[in-house]
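The values are calculated or read from the model by the stated rules, or taken from the named source; none is laboratory data. Treat the numbers as computed from the prediction; the structure is a model and nothing was measured. Cβ: placed from backbone, ideal geometry, glycine included. Neighbour counts: every protein chain shown. Protein only, heavy atoms only, side chains kept; ligands, DNA and RNA dropped before computing areas. Shrake-Rupley method; radii C 1.70, N 1.55, O 1.52, S 1.80 Å.
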2 protein chains.
Amino acid sequence: MAQMVRVQNFTVSGDGYGSGEGQSLDRPFGHADPGALFAWAGATAHWPTRTDPGGTYGLDDYCTRDFTNNIGAEIMGRNKFGPQRGPWENHDWQGWWGDEPPFHTPVFVLTHHVRPSFTLGDTTFQFLDASPEDALARAFEAAGGKDVRIGGGVATVREFLDADLVDAMHVAVSPVEIGRGERLWTSPDDLVDRFHLERIPSPSGVVHHFFWRR
Amino acid sequence: MAQMVRVQNFTVSGDGYGSGEGQSLDRPFGHADPGALFAWAGATAHWPTRTDPGGTYGLDDYCTRDFTNNIGAEIMGRNKFGPQRGPWENHDWQGWWGDEPPFHTPVFVLTHHVRPSFTLGDTTFQFLDASPEDALARAFEAAGGKDVRIGGGVATVREFLDADLVDAMHVAVSPVEIGRGERLWTSPDDLVDRFHLERIPSPSGVVHHFFWRR
């Protein structure tokens, strides 16, 4: 099976926002509450950061357990990596994820301000000032035949959608409103000219949106 | 995460039958039509035996792509392995799956009539005359820390359910009637005293039933 470009478990509000306004060190999602946005995922057995052995094994868990399945690299935007803007003052910041980031693959961070690569656990962060096409070529090579995840945030997903580089995309729409911030879409129907779309409501309250290329 | 015992993509008719009457070499599912029963799975991108590069990437595909995910061994009954009954006349029969069976792990076949192990592709078939508990101990050891799939048929799934050895079970209920044969249940509600149950209708017409231990 050919290498694919996939978006997974990308979560937006009912009004289409993936993040609120005012990202900071204390508030990675700005004024939005990530606990509410990601409640569906946090309840599953396979959510990477859950701290107890329980959790659900239903529909939502099929999504979270697929996160690492046949993924060989991730591409993320700088605002997913951290709240800093412009040139780096230093290289102390190593992301939000502690000593064992949940990626377990090479991760390519798109930024106009590159810095040296580093490794945490079995995740390697590399910084690229590149077009989506060039970043993807690098990621495909690093993925060793597996798929590449576009990890977000909104601007990065939009950039890859606009370049028509996304093959399959899973977006979970949470039953919360954010009102302002980083908006993925006004409606998922904006994408149905290019993608098949299945909408599957979950008992948790989210509606899973599964897109794949026509 | 502890090793689990999982049933995956097990497909039954609306009236609860996993197979019809009269299994034979030409009719592995007896009088039932496997094409109708498994139409939901055959349409997905990750159905192991599909022959063209297309296929869907929606809800049904999340189920078929999970088939090999973190599975280290399978246990199946003799009637899934073949249509023969009683002592083996010879050992020519090597299953329905050709030179590349879709399991890619050790497979333990439960039978009162053991025969020598053999290997096809990266699947090894071993024959055990053992209780569910003892077979599971062997399979856990062979699985190298991964989960064990109970592959069916109906009698084998029932045997492991009756011994309370199943941790999570996915059953797809197809919109067909079979009427007689091997019946998994009269109703999925028979199991809700021991399992959580999510029923998720798919656009393909099947209703996915996700069970996990309470």
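Miscellaneous remarks
- Residue satisfying all of: in the stretch A:7-18; touching a His at 6+ places or on another chain (Cβ under 8 Å) and surrounded by fewer than 22 Cβ atoms within 10 Å (Cβ to Cβ); nearest to A:D147 (Cα to Cα) among these: A:V7
- Among the residues of the stretch A:102-109, at least one is without any contact (Cβ under 8 Å) to a residue 60 or more places away in the chain, under 30 Å from B:R65 (Cα atoms), in a loop (DSSP other than H, G, I, E, B) and β-branched (V, I, T).
- Residues that are away from chain A (no Cβ under 14 Å) number at least 1 in the following helices (runs of 4 or more DSSP H) confined to the stretch B:7-94: B:34-37, B:39-42, B:78-81.
- Restricting attention to the stretch A:156-201, the residues that are touching a residue at least 24 places away in the same chain (Cβ under 8 Å), more than 19 Å from A:R214 (Cα to Cα) and within 14 Å of chain B (Cβ to nearest Cβ) add up to 1.
- All of A:F118, A:F67, A:F81 fail the test of being under 16 Å from the mean Cα position of the chain (by Cα) and over 30 Å from B:E198 (Cβ atoms), apart from A:F81.
- Sole residue being within 30 Å of A:P203 (Cβ to Cβ) and in contact with a Gly (Cβ under 7 Å, 6 or more places away or on another chain), chosen from A:D167, A:D147, A:D99: A:D147
- Where a residue in the stretch B:24-42 is among the basic types (K, R) and its partner, wherever it lies, is open to solvent by less than 40 Å² (accessible area, probe 1.4 Å), with Cβ under 9 Å and at least six apart: B:R27/B:G20; B:R27/B:P83
- Hits in the stretch A:110-143 (condition: assigned to a loop (DSSP other than H, G, I, E, B) and hydrophobic (A, V, I, L, M, F, W, C)): A:V114, A:A130, A:A143
- Taking the criterion of being open to solvent by 30 Å² or more (accessible area, probe 1.4 Å) and of a type in the set (K, R), the residues of the stretch A:66-119 that qualify are A:K80, A:R85.
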